[in-house]
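Structure, as structure tokens:
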Amino acid sequence: MGAIKLTKIGNSQGLIVPKEILEKGNFLIGDSLEINIYNGRLILFKKPPHHSEMKFEGQQEKEDLEWADADFGEWDSSK
């Protein structure tokens, strides 16, 4: 794909990723990304949205939306 260089940005360090690579990965400005290290490699992926930010096909019923945001309290394993 190509090499990129680690760059000093203020008191931090960063990577400048070429636009072509971002397009191939479908990364957009403003995306939240997670980073992992696996066998000495950096792996970037989009952070999945919170359930309240997910978009579903079709219309949800009011009751469905209430369940999605319900607070069920703490789990009691003794029951």
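Within the stretch 17-46, the set of residues being loosely packed, with under 10 Cβ neighbours inside 10 Å and part of a loop (DSSP other than H, G, I, E, B) comprises Asn26, Leu28, Ile29, Gly30, Ser32, Asn39, Gly40. Applying the set (1) modelled with pLDDT under 90; (2) of a type in the set (A, V, I, L, M); (3) in a strand (DSSP E or B) to Leu65 leaves exactly one unmet item: (3).
The values are calculated or read from the model by the stated rules, or taken from the named source; none is laboratory data. Model, not experiment: these values are computed from the prediction. For neighbour counting, all protein chains shown are included, and Cβ atoms are generated from backbone atoms with ideal geometry for every residue, glycine included.
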